[in-house]
Amino acid sequence: MLLSFHVLYNGGLYAQELNYRNFSVRNGLPSSETYAVLQDSKGYIWIAGDAGVSKYNGHQFENYTTSDGLADNTIFNLYEDKKGRIWFLSYSGNLSYYEKGEIKKIFPNGELSLFIQNQFLKHIVIDSLDNIWLGTNHNLFKLNLKSKIFDCKIMYTPQGYYIKEIENSFICGRRLGADFDTTQIKFNIDWKGKVISKELPNTNFTRSNMGFAIDSKKQGVFYNFNKRIFFNLESGELDQGTLPYEPISVYTDKKDRCWFGTFLNGVYLYEGNHVNSKFVKQFLKGKSVTMVFQDNEGGYWFSTLEQGVYYISESQISNISENDKPLKNVKIASFKDSLIFGVATEVGGFGAKQNYFEEINFLPNKVGNTATSIFVDSKTNVWFGISLNSFIYNPESKKIIKNPFGSFSWTGVTEDNHGDIWMSSHGCLYKICSSELKICDTIRLVKRPLVLKTGINNEIFIGSLDGLWKYEKDSLIYLGNKHPFFKNRIDDILILKDGSVCLATKGAGLGIWKNGDIKNIKISTGLQSSICKSLAIDNDGNVWVGTNRGLSRIVIEKGKYTVNSFTKRHGLIDNEINSIAFCNDKLWVATNEGLSYHNPQELFKKKIVAPIFIKKIFTVDSTYIPGEIPLELSYKENFIEIEFEALTYIDPNNTKYLYRLLGLNSKWRTTNNSSLQFSHLPPGKYLFEVAVLSIGTNALNSSAKFPFYVMPPFWDLWWFKVLIALIIAGLTFYVFRYQNKRYRYKIKRKYEYEKKLAEIELRALRAQLNPHFIFNCLGTVQNLILKNKNDAAEAYITRFSKLLRTVLASSSENVISLEQELETARFYIELETLRFAQGFKYTIEIQTGINVAEIDIPPMLIQPFIENAIWHGLSHKEGDKNLEIIVSKNPDSNVCLTIADNGIGREKSQQLNQDLKKFKSYGINLIHDRIISSNIYSERKINLSIIDLKDEQNRPLGTLVKLLIPE
């Protein structure tokens, strides 16, 4: 085994091999003998074989046989019509199709079998009128599904009809020539009324075998035995070429490349669909390829007679290989227009057949001997680092120099601005004088170095197991002490034009260090993985990062970073990337599955939208198939599991989904699971949306949606709430009405009771006042008579009689006029003046404009206050004694009645006579209660206030009683 290093000039390639995925009986197919592959309009892959048909979703096969309705278990071909029906062409000639989850047979199967005895169905087309056109190995048949009219043997040819659709019409191809010994073969192609015909020599054929394909440019190809016959639908021109083996199938892919499947010799790929097309590669050697098919994601499917179906992604065609085996453990670098890579190989010289490829074999490869580093210096010397040894190679002189510095291997090489080479081994940093290839300086390192790079200031950056070091001006500096990011393992270093240092770490993502500032780009900011292995820069100054989970591109604009990521779904061979380099505008990627190249712009142009469907809905005790009517769940079934599937085949086990549940949360979330559960859902309307995280387009444009509704309990339904509201409103109204009625009744009873009580109290007051007053008056008359003052006694009796008549007249009334009340007060005061020993002066003054005859007040309202003023205020007073009664109007239009005396005041009066205090308290309190009672039932509210009059030394000056009476 040799360790080989290679120089690939001008971006050429020398060999290709594919990493196939094989599907056979062990994977779920009913048989390994397969005839056809089809992807339907929904995205499912259908496979026809000799044991039925299979439907594949990227994870499992669903098989159908005659027990499921299939007309025959041997199915040769598949076809989808414009209505989405999948048609199955059987060995027996009977027809069946798949529609809405069921397989159905068509009515004339028995009659059809009679017509095609000793023939077999090869092609089928269904036109816009629902006519089924069937091409057999001898005839063209037409069957109308609507009218059930069956026409047979429209045309006859001993070698059969072949039908293809193009531009909403179809073409018929047939081979004329009745017998195998015919020396001429005539091809007829009918398309839109145009007939293309050509006779070609018939030589060296052993059986009747023919087929054709049409590309996007209306360029077609027939195969007949080992002949390739090319035609153009527009011009009608035909041409022919040869094939190394007789094909049994032909296919043109989306890039108009032509694939020929053969019997036991695999499949042949040509760059185009014309006679001068370049042969590219033979694949699946030893297999009989019955059909080649390219799916919507660009992947290729190969049905075989021996081993089921093979699948490869489109990107794997650019995989570099040695002896049909992918190159692994590759280290790559670019220099000018050349790609340089080193790899352990089994044998040497496999690239020598290509002019643009050069291989250098150096020494026998020992176990574990791998390439560790490649560096090209300014003199075009290539420094190859090998794990067990190293060497230097000059492509111009073809000279190989074995490691001139000893038996150790170097892990990193760089060149400083003076042309000196710096090299690192497991424990040292060496300075090499390039003119003499001698070690002129050695610096001991603490940890094992992994990579070296020269900065713009001629400093040497060293990436090691313990982080980043810098050697500058004869000093070795550990930068991990300046920033914790520099303590991470550094696997690669890239110096940008502006002096920025890019660091690929193992576990901390990518670091970009500039002017003392570090920007850390990691998974949370868009990086594909935090484990970075390799760095490269493109012509636009963008930084590319190879990680263990794919590629990331960092676009740097004005200090801001935009991250785009790429994986197997974008076309990479494998997500675990070991090394990357740019050469001739191509991005070369070394992975564990091989070395491949890509056009960076195509990675961005690639648009893949994987179809996605809601499969099943699981509730607590039921399973539902999504339909047009939204699912309604009871409030007790507030648990739901939604199962969905995405039809993607590039990397189906790593599909990432976007989903959200509107009604619960409008935020999009990601998941790798193909089913989701939601529990304890509150009642309401919900819309579940799920989409595949697509490539190059908005995944949400092709999302699957499932609406459902969690019914609220009956007590939360609108009609129940309305009913309860009406009941509550009715009860409230009834209770309110009842309470209001009861309240009004109570108020009325209270009013009547208090009114009656007031009347009784008034009568009691009158009954109390009248005897007391009469007794006093009689005592006064007696006193006058004893003093022989008969004239005075007569006058007193006259006034007394007038007072009694007035009191008796008002005793039966609830209210009397203020005029009457004042008249009663005058009679009372005049009588008291006769009784009063020392006498007193009184005045009754009515302000002009006040009509006291129209002002109503309760009777006997002011008499108690006048009595208190005389006997409790003035009777104990020395000197002048005055009593004033004034009726006036205040600013708010109320009538103000004041009773003022200049007596001794209430406090001193209470101290002198406790008995009078009791009487006064009773009379005044009774008047208070009468006023309150009157105010309750009258809109005219009477206000009472009693004021003690005092001078500046706080000595009593009398008492003032104020009554405010509304007019």
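The values are calculated or read from the model by the stated rules, or taken from the named source; none is laboratory data. Just so it is clear, the model here is predicted, and its values are computed rather than measured. Every residue, glycine as well, gets a Cβ built from its backbone with ideal geometry; the counts of neighbours run over all protein chains shown. Just so you know, the surface numbers come from the protein's heavy atoms only, side chains and all, with ligands and any DNA or RNA stripped out. Shrake-Rupley method; radii C 1.70, N 1.55, O 1.52, S 1.80 Å.
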- [ ] For TYR686, state whether it is closer than 19 Å to ILE629 by Cβ and modelled with pLDDT of 90 or more.
- [x] yes
Task: Subset of the range 675-690 (residues that are open to solvent by less than 60 Å² (accessible area, probe 1.4 Å) and not acidic (Asp, Glu)) - done: SER675, LEU676, PHE678, LEU681, GLY684, TYR686, LEU687, PHE688, VAL690
TODO: Please verify whether the range 810-821 includes one or more residues that are assigned to a helix (DSSP H, G or I), free of Cβ contacts under 8 Å to residues at least 40 places away in the same chain and either out of contact with any Ser or Thr (no Cβ under 8 Å at 6 or more places or on another chain) or in the same structural domain as CYS896 (by the TED database) (or both).
DONE: yes
- [ ] Give just the number: which of (1) in contact with a Gly (Cβ under 9 Å, 6 or more places away or on another chain); (2) of a type in the set (Phe, Trp, Tyr); (3) more than 24 Å from SER579 (Cα to Cα) does TRP469 not satisfy?
- [x] (3)
TODO: Give SER530, SER552 a once-over and let me know the one that is at pLDDT 90 or above, in contact with a helix residue (DSSP H, G or I) (Cβ under 9 Å, 6 or more places away or on another chain) and hydroxyl-bearing (Ser, Thr, Tyr).
DONE: SER530
Task: Matching residues in the range 823-868 - criterion: being within 25 Å of GLY905 (Cβ to Cβ) and among the hydrophobic types (A, V, I, L, M, F, W, C) - done: ALA825, ILE829, LEU831, PHE836, ALA837, PHE840, ILE844, MET860, LEU861, ILE862, PHE865, ILE866
Task: Matching residues, the range 407-445, being among the hydrophobic types (A, V, I, L, M, F, W, C), in a strand (DSSP E or B) and surrounded by 17 or more Cβ atoms within 10 Å (Cβ to Cβ) - done: VAL413, ILE421, TRP422, MET423, LEU429, ILE432, ILE443
Task: Matching residues in the range 623-660 - criterion: being part of a loop (DSSP other than H, G, I, E, B) and open to solvent by less than 40 Å² (accessible area, probe 1.4 Å) - done: GLU637, LEU647, THR648, TYR649, ILE650, ASP651, THR655
Open item on the list: Being modelled with pLDDT of 80 or more, under 21 Å from GLY135 (Cα atoms) and of a type in the set (Gly, Ala, Ser): is that true of SER249 here?
Closed with: yes
Task: Count - residues of the range 237-275 that are more than 17 Å from ALA213 (Cα to Cα) and surrounded by fewer than 17 Cβ atoms within 10 Å (Cβ to Cβ) - done: 4
Open item on the list: For the structure I just gave you, tell me whether LYS506 is basic (Lys, Arg) and within 14 Å of ASP492 (Cβ to Cβ).
Closed with: yes
TODO: Tell me, yes or no, whether the range 539-554 has at least one residue that is within 28 Å of the chain's Cα centre (by Cα), farther than 28 Å from ASN296 by Cβ and open to solvent by 10 Å² or more (accessible area, probe 1.4 Å).
DONE: yes
Open item on the list: Of everything in the range 276-305, what is hydroxyl-bearing (Ser, Thr, Tyr) and surrounded by fewer than 20 Cβ atoms within 10 Å (Cβ to Cβ)? Give them in sequence order.
Closed with: SER277
Open item on the list: Among the residues in the range 523-535, are any under 33 Å from the mean Cα position of the chain (by Cα), more than 30 Å from CYS583 (Cβ to Cβ) and either in a loop (DSSP other than H, G, I, E, B) or not basic (Lys, Arg) (or both)?
Closed with: yes
Open item on the list: Residues that are assigned to a loop (DSSP other than H, G, I, E, B), modelled with pLDDT of 80 or more and touching a strand residue (DSSP E or B) at 6+ places or on another chain (Cβ under 7 Å): does the range 385-406 have at least one?
Closed with: no
Task: Output for the range 50-79, where each listed residue is of a type in the set (D, E, K, R) and not in a strand (DSSP E or B) - done: ASP68, ASP72
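Residues are listed down the side, and each one gets a yes or a no for (1) in a strand (DSSP E or B); (2) in contact with a strand residue (DSSP E or B) (Cβ under 8 Å, 6 or more places away or on another chain):
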residue: LYS82; (1), (2): no, yes
residue: SER92; (1), (2): no, no
residue: TYR97; (1), (2): yes, yes
residue: LYS104; (1), (2): yes, yes
- [ ] Just give me the residues in the range 492-536 being of a type in the set (Val, Ile, Thr), open to solvent by 20 Å² or more (accessible area, probe 1.4 Å) and out of contact with any Phe, Trp or Tyr (no Cβ under 7 Å at 6 or more places or on another chain), in sequence order.
- [x] ILE495, ILE523, THR525, ILE531
- [ ] Scan the range 79-105 for residues that are touching a Phe, Trp or Tyr at 6+ places or on another chain (Cβ under 7 Å), open to solvent by 30 Å² or more (accessible area, probe 1.4 Å) and more than 13 Å from ALA48 (Cα to Cα) and report the count.
- [x] 1
